[in-house]
1. Could you give the nm distance between label points at residue 177 and residue 253, where each point is 7 Å from its Cα heading toward the beta carbon?
2. Give, as a single signed number, the net charge of other residues whose beta carbon lies under 12 Å from the beta carbon of residue 272, with Lys and Arg counted +1 and Asp and Glu -1.
3. Give me the distance in nm between label points sitting 7 Å out from Cα along the Cα-to-Cβ direction at residue 353 and residue 415, one decimal.
4. Place +1 on the Cβ of every Lys and Arg and -1 on the Cβ of every Asp and Glu in the chain, take the dipole about the Cα centre, and give the residue among 239, 432, 341 whose Cα lies farthest towards its positive end.
5. Using θ = phi - 60° and the Karplus curve 6.51 cos²θ - 1.76 cosθ + 1.60, what whole-Hz ³J(HN,Hα) does each residue of the stretch 123-135 get, with Gly and Pro shown as x?
6. Could you tally the net charge around residue 132, taking each other residue with its Cβ under 12 Å from the Cβ of residue 132, Lys/Arg +1 and Asp/Glu -1?
7. Do you know the relative contact order of the chain, to the nearest whole percent, from alpha carbon pairs under 8 angstrom that are 6+ apart?
8. Take the eigenvalues of the Cα gyration tensor for the stretch 174-317, scale each by 5, and report the square roots as semi-axes in whole Å, largest first.
Amino acid sequence: MKLVKIDTMPLSKEIMNFRWDMEKMAKKGGHTTNLKNLLLDAQKATNGLVPYASLGAHVPNDYFSNIKIKDATINSSKNHSDVDTSLTIGGRYSKNIIKTDVPFSIGAMSYGSIKLPAKIALHLALNKLAENGIKVLMNTGEGGALPWEIYGSKKSQKNLSKEHWDSILQYTSKLLKDSNLEGIDIDKLFQRKYPLVVQYASGRFWKDPSYLLNADGIEIKIGQGAKIGHGGLLPGSKVTELVAENRGILANKPAHSPSRHLDILGPEDLVAKILEIRELTEWKTPIIVKVGASRVYDDMEIILKSYADCATVDGLSGGTGAAPFEVREDIGINTIAALLPMRNAISDYYKTHDKDGFNLLVNGGVWDSERIAKCIALGADGVGIGTGFLLAMGCTLIQECHTDICPAGIAGSHEKLDVENSTEGIFNYIKTTKTELENIVGSLGKKNIKDIKSSDLVVNDTLTSIVSKLPFSDGEDYTTKIKKKIEDIMSSDGVSGEKN
């Protein structure tokens, strides 16, 4: 892994020499060393800067691989296309409902954190899927929406003045020219056939009320899994003139989001903010509250009582363009481990309340059909995916998304991304993932993805059983296994558990 400072300068000779000296001392003292951490420590000691990281933590155990789907045999030759994999959001307090044909969405990846060609590829792929009968939800991220996302319907364009519409087209032309995409059909671009969720984040990176009014859903972002307790950061090297214009900020300066909303200091303020947005949208638009997985039970309890339609919870390492390395690696709870307190909070709430259509979405470490199915079986209604879509566009996982260097052209070096190929990759990824989910559900003898439950899962190690409360394949739980181990040890040592 090549480490680059946040300003994209290469590692200096001083940093490399310091790293060698640290490694020599560690080995002399009989300590094992980690090259990645030594480089980070040398970098900090040399330049006094906090190292940033991106695209996911190095989690030694995320528990997914230790959970198995019981009694399911995938048979790709059998057609399970009649399986219902749809997801609905809203209706608890909102008049409108978002319905998609897959239980996963494009996670919050802002324009700026990923480049314009990648955003356009996602847009075109979702339009193509919608034309083929598959609607997929898009989340804009906190960096505001692009013009064709906000004004991609005839209804949204209806009340615009000619002057306003001309300014939108002018800005769009500048965007396309900047990325050498003048050949894209503007009329085709200004068509949005998929549902859109916009983020209401602490940075408030939007200038146009239509950002909220033309969205199908609004997500109030309190936090995210990769940097719990921290706000967002788009490094200055990625804040181009056009990104700055879209966000209403200064160019070439880091774009910081506060670590909290300045007008949401506690549960009562969250309720007030949601009611404010409900009045603004005439109680039509579904509202989601997003948090990072930390005090999961308490946060879920607050969201349930806050007039929200849905919660999104980011597990450890869920979504980032730039996070302080030590925060991303060590703070937060893995998605699987976080699902148990989420389920408990929801279950406890509905012991004294009637079921009313509350939805739960989870993000973090989810990118394929197997992981999606496991999250849903453990209580989620749907998931958000980021890395999977980056891979579909050609991501090479060098984890330098926080810089302006990206060999695939997704998070940087935009001229390297082929929009047509990336659009096809996203299209194929979603179609095949949907088919795989149908096969998983169908092989369990079920017709709806909502019907897969925790009873369809087993674990193969004790730690995963503890954090998920799932049994082993023989039906025993972790308490029985541990008790037997203790008894075996006592017996082998000649110790009797009986009292004299």
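Each value in this text was obtained by applying a stated rule to the coordinates, not by laboratory testing. Just so we're clear, the structure is a prediction, and the values are computed from it rather than from any experiment. Methodologically, a virtual Cβ is constructed for each residue, glycine included, from the backbone with ideal geometry; neighbour enumeration extends over all protein chains shown.
1. 2.6 nm
2. Details: positive: 273, 278; negative: 263, 268, 269, 276, 279.
That sum, taken over residues with Cβ under 12 Å, equals -3.
3. Taking the simple label geometry, residue 353 and residue 415 are separated by 5.4 nm.
4. 239
5. 4, 5, 5, 5, 5, 5, 5, 4, 5, 9, x, 10, 8
6. Numbers: positive: 128, 135, 193, 431, 434; negative: 101, 131.
Every neighbour counted, the sum reads +3.
7. Numbers: 978 pairs, mean separation 109.0, N = 500.
Over the chain, the number comes to 22 percent.
8. Numbers: eigenvalues 170, 80, 38 Å².
Each semi-axis is √(5λ); the values are 29, 20, 14 Å.
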